[in-house]
Structures are given as structure tokens and as C-alpha cells.
Amino acid sequence: MTTLHIINAAPTQTTQLSSCLRVLSAGDGIVFCGEAVQALRAGSLAAQQLQGIDHSCKVYALEEDVLARAIDAEALPVTLLDYPAFVALCVAYSRVSSWT
Amino acid sequence: MAKSVLLISRQAPWAGIGAAEALDIALAAGAFDLPLSILFMDDGVLQLLDQQQPQALEQKDLSANLQALPMFGIEQLYVAQHCLTVRGLADNPLALTAERVDDQRIQQLIRQHDYVMTL
Amino acid sequence: MSVDTLVVEGREIALDQDACLCSLADWSPQVAQALAAREGMELTDAHWEVLYLLQQFYTQFQLSPANRALVKYVALNLGKDKGNSLYLNGLFNGMPAKLAARLAGLPKPANCF
């Protein structure tokens with residue numbers, strides 16, 4: 001009964017990510033899209049917080065948003081997605097929580 | 001059986017239409033007898049502040065509307081205690097009877113519902 | 001927005017697209033009777049107590065109740081004998097929330113067919 005959390009705003013703009021991390025359950029996934037991929041920038045406060053999440057949780061990001069923003073996605077264990085993979089992921093989890 | 005929904009209301013009542021839209025969804029669900037719970041989180045906890053005077057901004061009284069939720073059969077109401085605390089409202093009286101919940105309880109709430117909807 | 005008017009005792013009262021009063025301030029028992037007459041209804045004490053209760057609901061919650069909420073509120077205030085769909089449907093032509101709100105001078109309830 002795991003949840004896929006979708007984050008679309010930068011961690012420096014809204015509390016989407018910080019609130020999501022507080023209520024993340026073991027086995028959950030997080031998808032970063034749009035400005036939210038800023039959270040993956042190596043050395044940032046958000047990236048440090050992400051390194052501390054439970055190891056059973058997986059981190060994903062939309063590849064095009066990562067590439068566009070010159071983010072080095074090698075620094076974190078993150079799986080990059082295209083849109084078909086994103087859709088497949090939404091179906092794979094029990095529910096989706098979109099933190100708009 | 002109808003699928004259950006956890007509605008997470010995260011916006012302040014004076015900051016745009018998010019809070020009012022969340023309430024509309026809840027009232028519609030209640031009118032059609034759908035099982036829906038509401039969790040007030042982040043700035044959404046400010047919706048529960050007592051003694052608001054929205055008339056000063058010529059706005060509708062959302063806190064009066066919220067009181068109608070139990071009449072519409074929406075009785076599973078929760079508020080994130082941490083979000084009250086960081087806003088200096090840990091011990092404030094609330095305008096609505098809502099269960100104060102910690103992070104662990106929120107994790108459970110998310111897992112207990114079929115759908116999660118955030119506004 | 002006013003799309004129709006109702007004349008009561010020489011006064012023109014603005015009605016919206018749902019045949020509800022544009023402003024609750026226009027309401028009076030005579031206006032309620034005139035609105036009821038348009039529906040072919042004669043208001044009795046049984047109607048009045050529900051209409052006044054609806055106005056109390058509106059003052060308290062700032063919105064018009066859907067059927068389910070109306071039933072619950074009536075049950076809470078007037079007892080279960082009156083707070084049930086059968087009784088309220090009988091009084092208000094089978095559409096209690098919509099019709100009673102109109103007669104009480106309130107806006108049409110949301111989520112109501």
C-alpha cells in the first residue's frame with residue numbers, strides 16, 4: 001500500500017517537499033518534475049535532506065526537466081523518467097499524492 | 001463500496017481560492033455520500049483559526065462554511081499538529097472540532113485512503 | 001444577476017437564474033408567499049418552521065444546505081419525525097433543499113439537481 005508523491009515546485013519556493021518528507025512512508029516513491037528538480041542539485045539543502053530518507057523509498061525525476069536545468073543527476077540515487085515511464089509508475093503504486 | 005478520499009487542504013483562507021475549492025470538493029462529496037476525510041496541513045491549518053473577520057477583506061466567511069462539514073456528513077477532520085506548532089498556534093483553540101495528528105498518524109491516514117487529493 | 005422580477009405589495013424584487021432572490025434582504029413572509037404561489041403552493045405552519053430553520057442554517061454556516069445536510073439539521077432542531085426525507089419531500093414537492101432554499105430567500109444550494 002505504497003504512495004507515489006509528485007512534487008512540482010522548487011523546495012526554496014514552497015513547503016511541498018518538506019511536508020512530503022515528513023509524512024513519507026517506507027516503500028513510497030517521489031517524482032520530481034518542473035521546478036521541483038532543483039531539489040536534486042548536489043550540495044543543496046534539499047538534496048541533503050533527500051539523502052536522509054528511508055532506503056526503501058525511491059526517488060525519480062523527469063529527465064527533460066533535469067537536463068534543461070543543468071542538474072548533475074549522478075550525485076544522487078535518482079531514476080530519470082520519460083513520460084511513458086512516469087505514467088507506468090503512477091499505475092504501479094497504490095495511490096498518487098500530487099503535492100500541488 | 002465507494003473509494004475513500006483523503007483531501008489535504010494546504011492553503012490559507014486569504015491566499016487565493018485553494019482553501020475554498022477544497023471545501024467545495026468536500027461539500028460535494030458529502031452531498032453524494034462519498035467517504036471523504038480532510039487533513040488541514042501547512043498554511044491550511046490557518047483555516048481553523050478562531051475569530052477571523054473576513055468581512056474586512058470583503059471575503060466570504062470560510063470558517064462559517066467549514067462548520068457546516070459535519071452537517072454534510074464529513075466528520076473525519078484532522079489537523080497537523082506540527083504545522084500548528086511552527087505557526088505559534090500549538091495550544092490555540094480551533095474554530096472546528098478536528099483531531100490533532102502527528103506525522104506518524106498522517107502517514108497512516110495516507111495509507112488508509114484509496115485516493116489522496118491535495119489543494 | 002437579476003433575470004426576472006417578482007412584484008410583492010408594489011415592490012419589485014429581483015430574482016436570479018434559479019428563481020431565487022438576488023438578495024436575502026428582500027425577503028419577507030409576503031415574498032415567501034408570493035414565491036410559493038408561483039409553485040402552486042400554500043404555506044402552512046409546517047412549511048414556515050422549516051423556512052425559518054433554513055434561514056438559521058444560512059446565518060450560521062453562510063451557505064444553503066444540500067438535501068442531506070437539510071435533513072440532518074432539521075432532525076437536530078425539530079426531531080427525527082420531521083428530519084427525514086419522506087416528510088421534507090412531502091412538504092416541498094420532492095425537492096426540499098432546492099425549493100425550501102428558494103422560499104426562504106437563500107441562494108440555490110450547490111451540488112443539487
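Figures for the structure shown
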| item | result |
| --- | --- |
| Residue within the stretch C:102-111 that is more than 12 Å from the chain's Cα centre (by Cα) and part of a helix (DSSP H, G or I) present | no |
| Condition met for residue A:44 (in contact with a Gly (Cβ under 6 Å, 6 or more places away or on another chain), over 25 Å from residue B:81 (Cβ atoms), surrounded by fewer than 20 Cβ atoms within 10 Å (Cβ to Cβ) and not basic (Lys, Arg)) | no |
| Scan of the stretch A:69-89 for residues that are in a helix (DSSP H, G or I), surrounded by fewer than 18 Cβ atoms within 10 Å (Cβ to Cβ) and either modelled with pLDDT of 95 or more or polar (S, T, N, Q) (or both), ordered by number | A:83, A:84, A:85, A:86, A:87, A:88 |
| Residue within the stretch A:50-59 that is free of Cβ contacts under 8 Å to residues at least 40 places away in the same chain, assigned to a helix (DSSP H, G or I), over 24 Å from residue B:44 (Cβ atoms) and over 11 Å from the mean Cα position of the chain (by Cα) present | yes |
| Failed condition for residue B:36, given (1) touching a Phe, Trp or Tyr at 6+ places or on another chain (Cβ under 9 Å); (2) at pLDDT 95 or above; (3) farther than 18 Å from residue B:87 by Cβ | (1) |
| Some residue of the stretch C:23-44 being in contact (Cβ under 8 Å) with a residue 60 or more places away in the chain, more than 23 Å from residue B:60 (Cβ to Cβ) and not aliphatic (A, V, I, L, M) | yes |
| Residue within the stretch B:60-76 that is away from chain C (no Cβ under 14 Å), out of contact with any Cys (no Cβ under 8 Å at 6 or more places or on another chain) and not aromatic (Phe, Trp, Tyr) present | yes |
| Answer residue from the stretch A:27-38, given it is over 8 Å from the mean Cα position of the chain (by Cα) and farther than 20 Å from residue B:39 by Cβ and is nearest to the other protein chains (Cβ to nearest Cβ) among those | A:27 |
| Test result for residue C:73, in contact with a Phe, Trp or Tyr (Cβ under 6 Å, 6 or more places away or on another chain) and not acidic (Asp, Glu) | yes |
| Search result, residues across the stretch C:37-46 that are of a type outside the set (Lys, Arg) and either surrounded by fewer than 16 Cβ atoms within 10 Å (Cβ to Cβ) or in contact with a helix residue (DSSP H, G or I) (Cβ under 6 Å, 6 or more places away or on another chain) (or both) | C:37, C:39, C:40, C:42, C:43, C:44, C:45, C:46 |
| Residues that are touching a Gly at 6+ places or on another chain (Cβ under 9 Å) and part of a helix (DSSP H, G or I), drawn from the stretch B:1-33 | B:18, B:19, B:22, B:29, B:30, B:31 |
| Failed item, numbered, when residue B:36 is tested on (1) touching a residue at least 60 places away in the same chain (Cβ under 8 Å); (2) in contact with a Gly (Cβ under 8 Å, 6 or more places away or on another chain) | (1) |
| Within the stretch B:37-58, tally of residues that are touching a helix residue (DSSP H, G or I) at 6+ places or on another chain (Cβ under 9 Å) and either within 14 Å of chain C (Cβ to nearest Cβ) or crowded, with 19+ Cβ neighbours inside 10 Å (or both) | 14 |
| Candidate set from the stretch A:1-58 (those that are of a type in the set (A, V, I, L, M) and out of contact with any strand residue (DSSP E or B) (no Cβ under 9 Å at 6 or more places or on another chain)); member that is modelled with the lowest pLDDT | A:42 |
| Single residue of the stretch B:94-119 satisfying the filter (loosely packed, with under 15 Cβ neighbours inside 10 Å and assigned to a loop (DSSP other than H, G, I, E, B)) that is nearest to the other protein chains (Cβ to nearest Cβ) | B:114 |
| Cross-chain or 6+ apart pairs with Cβ under 7 Å, the stretch A:1-26 first and facing chain B (nearest Cβ under 10 Å), then of a type in the set (A, V, I, L, M) and surrounded by fewer than 17 Cβ atoms within 10 Å (Cβ to Cβ) | A:21/A:53; A:24/A:53 |
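The values are calculated or read from the model by the stated rules, or taken from the named source; none is laboratory data. From a predicted model like this one, the values you see are computed outputs, not experimental measurements. In this analysis, Cβ positions are derived from the backbone assuming ideal geometry, glycine residues included, and neighbour counts consider all displayed protein chains.
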